[in-house]
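A short write-up of the structure that comes next.
The values are calculated or read from the model by the stated rules, or taken from the named source; none is laboratory data. Quantities reported herein were computed from a predicted structural model and do not represent experimental measurements. Here the Cβ positions follow ideal geometry from the backbone for every residue, glycine too, while neighbour counts run over all protein chains shown.
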Number of protein chains: 2
Amino acid sequence: MLASKFHLNTLKEAPTEAEIASHQLMTRAGMIRKHAGGIYTYMPLGLKIMRKVEAIVREEMNNAGAIELLMPVVQPAELWIESGRWEEYGPELLRIKDRHQRDFVLQPTSEEVITDIARNEIHSYRQLPVNFYHIQTKFRDERRPRFGLMRGREFTMKDAYSFDRDEAGALASYDIMFNAYMRIFKRLGLTFRAVAADTGSIGGSRSHEFQVIAETGEDLIVYNPDSDYAANIELAEAPCLIAKREAPTQALQEVETPNANKCELVAQQLGVGLDKTVKSVVFVTTPEEGPAKVWLLMVRGDHEVNEIKVGKLPAFKNGFRLATEEEILEYFGSEPGYLGPLNTVKPVNIIVDTTVANMSDFICGANKAPYHITGINWGRDLPEPEVADLRNVIAGDPAIGEPGKLAIQRGIEVGHVFFLGDKYSSGLKATFLNENGKPETLQMGCYGIGISRITAAAIEQNHDEKGIIWPIAMAPFEVVICPVGWGKSETIRNEATALYETLKQNNIDVILDDRDARPGVMFSEWELIGVPIRVTIGDRGLKDGVIEVQERSKAEAVKVPVAEVNAYVLSLFENLKNTL
Amino acid sequence: MLASKFHLNTLKEAPTEAEIASHQLMTRAGMIRKHAGGIYTYMPLGLKIMRKVEAIVREEMNNAGAIELLMPVVQPAELWIESGRWEEYGPELLRIKDRHQRDFVLQPTSEEVITDIARNEIHSYRQLPVNFYHIQTKFRDERRPRFGLMRGREFTMKDAYSFDRDEAGALASYDIMFNAYMRIFKRLGLTFRAVAADTGSIGGSRSHEFQVIAETGEDLIVYNPDSDYAANIELAEAPCLIAKREAPTQALQEVETPNANKCELVAQQLGVGLDKTVKSVVFVTTPEEGPAKVWLLMVRGDHEVNEIKVGKLPAFKNGFRLATEEEILEYFGSEPGYLGPLNTVKPVNIIVDTTVANMSDFICGANKAPYHITGINWGRDLPEPEVADLRNVIAGDPAIGEPGKLAIQRGIEVGHVFFLGDKYSSGLKATFLNENGKPETLQMGCYGIGISRITAAAIEQNHDEKGIIWPIAMAPFEVVICPVGWGKSETIRNEATALYETLKQNNIDVILDDRDARPGVMFSEWELIGVPIRVTIGDRGLKDGVIEVQERSKAEAVKVPVAEVNAYVLSLFENLKNTL
């Protein structure tokens, strides 16, 4: 490609609303242009990147035996009503009406349509297993779209759906997809983790997220550097940090703690470790029938309550929320910040974290501001509590059942594999006939990859103050040739063109910058865009018989003798490809 | 591809609603599955075909210098309001609201968005010319979607938009696209015509449709078999069939013509040629200001009024309609079927077709049922009329300005190139700075190809009673290997697999039917699907040392010696590719 024949339009400044690097850099590099909140055009550079991701995803999906089809963007409401998601799905599901006032949705995913296809197309166990996928425009009407492609409304996703005769088959299909995803993200050249994930309301038994590691990630990943263990913090089991409860040594004592409405302040005022304090959080469960119940949940002062775990407590499964200040006053007689299990106004249900259950001589609020009580002990001052894993893992927690200490890093979810079981197939009555001619319900899995989000996540992971540093597999161009003095020197034009032709013949995606821009402008533009290999051909170098080759990820350029430049660039390219 | 690893599911019967061959055959062959009126899933076979069309379109667009990007499906209403199409576009434009009640549309085309991009991205004449395109999901909320992919609601279209500094540049861009389209449709292996087309309300000076020739086409194409001339009947200029008006020879005479309310019946009753009769059609124009006007338009009895041409008459440009029966009675004093220019109740404005203007001694209705008047002559009985080209060409009309007689055939519009001028760029104020730093308005062209419609049009053109006959460039598979007795004979499995591997290595898109179906079932399935080359490997042939090669388009198979079958199939494939 000649730069003069391509459309490049970089900007000096990012829009003020762009808060994260990928949004800023994709906009500045002219890869995306915004039309409305979360709705973008992929400009030619941006589309090239997305197409490269798509091609790798498609190849690995095909290699894994999945079959591509294309389901519609606009889907009839009937199927969504049948599956129950017409009601369940929040306002992210964009519901629309056609000219005849019939209801449709813009697809956020395609479980309903693929299950409808399966029940019409799959008749016999002989047709199983089968895995259908498509790469298609999705729409989720986010309340507050932001971060560019990271949380857009219209985006491109690969979604696959496997159909099997039984759970064992479905889990085998799951593993095939899991392995395909491992290959996909390796080939893309990204640092990532496959992370055990919460299965949410679907309640299947297996789910993994593929997380691109980046400081700006919204997800927290718990992992063990000494093992393969990795899990989303939402799911990661927290260890009990106290092996055995000590016997009480202190008597109960009410102490004044002015303005100490946080554990940190209490520990500081009382001159004790934060690990002697206990945090009280009040929830209200909203059962389908009967009155609401008030719950006191307790975690150690240095820990945080994990609401995903709370939601899995049997009593919380039908819904829960934080208590209001009125409810807290009614049950505890105190404002928040000074709450505790002793001397409540009305009886409350108590559940404590595994670590809290083994604490002794601990400190809680006195249910009377500004007082706390020290020397509290289970069994002596309070009955033995109900115990559950209620907290988030923190860095340094010991791993469970294996050596090592847990660490935490941030990630961006770019893929998700999910064992669905019969969630959709039973609702939509998608069955097949087994060997005995008896109908059985199809077992499903679903597997998503956020194609457009990957392009943003790659940038969050790979950029510097100059711009983007693309992994070679995703780069809009693999090599850029920058002639300094294109307009003036025939020698330079000839050298540049000869190298350009050689690289093209070797199937390298190369762009020759024939726009005759000033070197500084040209270099900073290509550094912003992030092409992995830049070749600079200038008079000064040629006088010395050399051409400069600069890797985007390296600080220094390499001077290569003119006669060797073809071979050098080709071998550098191969190296970059092979280190994936 | 092994058939056992692909998803094939052919049906014996087409749905009753499927009226045309492509809808019936694509459904029966398992290429599409319907979810709602005009909304389909492209099943794996169907998607393969569409992707092959896309690849050819993309390659030729890139070769022609167009640059691919990807504009969104969901587009903000603001741009459509700015261009005026929010109001102008009928209910085919699906207008939707997001969760915040903001207005959006599902794109039927992308003139607004691309013009918005251009006004932001194009600053200088140095960036021109440029041509952007995308291949993206479109939505048109057809009142009555039907004919499968031929008139769907959700479909895939390639739309390109060129930007130039002046009209000469825009017309040059137009010609580049015209030539690219010629290459695209040739490469697809379709019989087609580039046809001069009506420019509609846009009023640009140049427009061509690309029509795939097929009996089921909705468009009528006028062409001269002796030249390159071809035009949509909407546009094709009709010749005046009478070089010079003869002098009157008859006196006016009122004749009774019972029940003869059509020219054919009048000619029959009076024993004269249909070419002596004149048809009277009454229109009402609806000017923006002032009262409606009644018009009598006259064409020869064997001709039809062309309403597109009528709409271009100066007095008709602000809108027109057929007169109601009440209006006809009021102005003519007679029911329709007996109307004419003589003895009207109220004065009417008369415009006659060029041929009618040169008729003499002709016959019209008497404005009194059941009477007609014979022997009417211009100048003598009526003033000289206003003359215009009002009629459709009919087969056999002489070509205008060149030798030959016009013929008519039916076509399916699959592409359209259009010179837009400043229709969008002036409304959206898309300008660039010229050499003198002065802003000028961008000149545009737009260029569409209906990707999904092409797959249906190809079938309308290429099918027989057994199924589809794909041109090789669009075929879902280029070669199918049908082993007869796959399960029983190792020899057959080996022969089939060896040929399969050889063809794959030669980059032929081959499918091996390893499902061990009965030969009759297998053959009729592949004839329905329409794979161009079928290779049958069976015991009987192998005993005689031959393998059968059957072209889908030929009646007879060829028996090829086993040792020559690789070379034979490869050379047959090359021939089919090269005859494009």
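A:V272 satisfies every condition listed in (1) at pLDDT below 95; (2) surrounded by fewer than 22 Cβ atoms within 10 Å (Cβ to Cβ) except (1). When you look at B:A395, is it over 30 Å from B:Y229 (Cβ atoms) and among the small types (G, A, S), yes or no? Judged against the criteria, B:A395 is not a match. Would you mind stating whether A:I96 is touching a Phe, Trp or Tyr at 6+ places or on another chain (Cβ under 6 Å), at the interface with chain B (Cβ under 10 Å from one of its Cβ atoms), within 30 Å of B:T115 (Cβ to Cβ) and buried (at least 17 other Cβ atoms within 10 Å of the Cβ)? Yes, satisfied.
Can you find even one residue in the stretch A:252-259 that is free of Cβ contacts under 8 Å to residues at least 40 places away in the same chain, assigned by TED's automatic domain parsing to the domain that holds A:R380 and within 23 Å of A:G333 (Cα to Cα)? Within the stretch A:252-259 (the criterion being free of Cβ contacts under 8 Å to residues at least 40 places away in the same chain, assigned by TED's automatic domain parsing to the domain that holds A:R380 and within 23 Å of A:G333 (Cα to Cα)), the answer is no, since none of the residues qualifies.
For B:G152, which of the numbered conditions (1) closer than 20 Å to B:Y40 by Cβ; (2) out of contact with any strand residue (DSSP E or B) (no Cβ under 6 Å at 6 or more places or on another chain); (3) modelled with pLDDT of 95 or more fails to hold? The single condition B:G152 does not satisfy is (3).
Taking the stretch B:565-578 as the range and being free of Cβ contacts under 8 Å to residues at least 60 places away in the same chain and within 39 Å of the chain's Cα centre (by Cα) as the test, the residues that pass are B:Y568, B:S571, B:L572, B:E574, B:N575, B:N578. Scanning the stretch A:118-160 for residues that are away from chain B (no Cβ under 12 Å) and in a strand (DSSP E or B) turns up A:R146, A:R151, A:M157, A:K158, A:D159, A:A160. The residues on offer are A:S426, A:S452, and the sole one that is touching a helix residue (DSSP H, G or I) at 6+ places or on another chain (Cβ under 8 Å) and farther than 30 Å from A:P341 by Cα is A:S452. The residues of the stretch B:22-38 that are more than 12 Å from chain A (Cβ to nearest Cβ) and touching a Phe, Trp or Tyr at 6+ places or on another chain (Cβ under 6 Å) amount to a single one, B:H23.
Scanning the stretch B:343-359 for any residue that is in contact with a Leu (Cβ under 7 Å, 6 or more places away or on another chain) and buried (at least 22 other Cβ atoms within 10 Å of the Cβ) turns up at least one such residue. Taking the stretch A:320-334, which residues are among the hydroxyl-bearing types (S, T, Y) and crowded, with 16+ Cβ neighbours inside 10 Å? Correct list: A:Y331, A:S334. Whether a residue is over 24 Å from A:K317 (Cβ atoms), surrounded by 16 or more Cβ atoms within 10 Å (Cβ to Cβ) and free of Cβ contacts under 8 Å to residues at least 60 places away in the same chain was assessed, and A:A230 passes this test.
Can you tell me which residues in the stretch B:279-315 are buried (at least 18 other Cβ atoms within 10 Å of the Cβ), assigned to a strand (DSSP E or B) and not β-branched (V, I, T)? Scanning the stretch B:279-315 gives B:K279, B:S280, B:F283, B:W295, B:L296, B:L297, B:M298, B:R300. No other residue among A:A196, A:A170 is surrounded by 22 or more Cβ atoms within 10 Å (Cβ to Cβ) and either within 14 Å of another protein chain (Cβ to nearest Cβ) or touching a residue at least 40 places away in the same chain (Cβ under 8 Å) (or both) apart from A:A170. Residues that are of a type in the set (A, V, I, L, M) and either over 24 Å from A:L329 (Cβ atoms) or not assigned by TED's automatic domain parsing to the domain that holds A:L329 (or both) within the stretch A:264-305 comprise A:A267, A:L270, A:V272, A:L274, listed in sequence order.
For the stretch A:61-78, what are the residues that are over 30 Å from A:M182 (Cα atoms) and either facing another protein chain (nearest Cβ under 7 Å) or surrounded by 22 or more Cβ atoms within 10 Å (Cβ to Cβ) (or both)? Hits for the stretch A:61-78 are A:V74, A:Q75, A:P76.
Which of the residues belonging to the stretch A:69-90 are under 23 Å from A:R453 (Cα atoms) and out of contact with any helix residue (DSSP H, G or I) (no Cβ under 6 Å at 6 or more places or on another chain)? Matches in the stretch A:69-90: A:P72, A:V73, A:V74, A:Y89, A:G90. Quick one: would you say A:L8 is over 21 Å from A:G448 (Cβ atoms), outside the structural domain of A:G217 (by TED's automatic domain parsing) and surrounded by fewer than 18 Cβ atoms within 10 Å (Cβ to Cβ)? Judged against the criteria, A:L8 is not a match.
Rundown of residues vs (1) under 40 Å from the mean Cα position of the chain (by Cα); (2) surrounded by fewer than 17 Cβ atoms within 10 Å (Cβ to Cβ), yes/no style:
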site: A:N506; (1), (2): yes, yes
site: A:L512; (1), (2): yes, no
site: A:P519; (1), (2): yes, yes
site: A:M522; (1), (2): yes, no
site: A:G538; (1), (2): no, no
site: A:V549; (1), (2): yes, no
site: A:A557; (1), (2): yes, yes
site: A:V560; (1), (2): no, no
site: A:A563; (1), (2): no, yes
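May I ask you to list the residues in the stretch A:39-55 that are without any contact (Cβ under 8 Å) to a residue 12 or more places away in the chain and more than 7 Å from chain B (Cβ to nearest Cβ)? Those that are without any contact (Cβ under 8 Å) to a residue 12 or more places away in the chain and more than 7 Å from chain B (Cβ to nearest Cβ): A:R51, A:A55. When A:A366 is tested against (1) out of contact with any Ser or Thr (no Cβ under 9 Å at 6 or more places or on another chain); (2) among the small types (G, A, S); (3) surrounded by 18 or more Cβ atoms within 10 Å (Cβ to Cβ), only condition (1) is not met. Given the structure, is A:F147 out of contact with any Asp or Glu (no Cβ under 9 Å at 6 or more places or on another chain), within 29 Å of A:I454 (Cα to Cα) and of a type outside the set (D, E)? The answer is no for A:F147. Applying the criterion of being of a type in the set (F, W, Y) and part of a strand (DSSP E or B) to the residues of the stretch A:423-474, the residue that is farthest from A:L45 (Cα to Cα) is A:F432.
Taken together, the criteria place A:R143 among residues that are assigned by TED's automatic domain parsing to the domain that holds A:G445 and surrounded by fewer than 21 Cβ atoms within 10 Å (Cβ to Cβ). Under the condition of being more than 23 Å from A:Q443 (Cβ to Cβ) and facing chain B (nearest Cβ under 8 Å), the residues counted in the stretch A:99-117 number 4. In the stretch A:228-241, the condition of being part of a strand (DSSP E or B) and in contact with a Gly (Cβ under 8 Å, 6 or more places away or on another chain) is met by no residue.
Of note, A:R58 satisfies the criterion of being at pLDDT 95 or above, more than 28 Å from B:E82 (Cβ to Cβ) and within 13 Å of chain B (Cβ to nearest Cβ). Inspect the stretch A:11-21 for any residue being within 17 Å of A:R153 (Cα to Cα), at the interface with another protein chain (Cβ under 7 Å from one of its Cβ atoms) and either free of Cβ contacts under 8 Å to residues at least 60 places away in the same chain or not hydrophobic (A, V, I, L, M, F, W, C) (or both) and give the result as yes or no. No, the stretch A:11-21 contains no residue that is within 17 Å of A:R153 (Cα to Cα), at the interface with another protein chain (Cβ under 7 Å from one of its Cβ atoms) and either free of Cβ contacts under 8 Å to residues at least 60 places away in the same chain or not hydrophobic (A, V, I, L, M, F, W, C) (or both).
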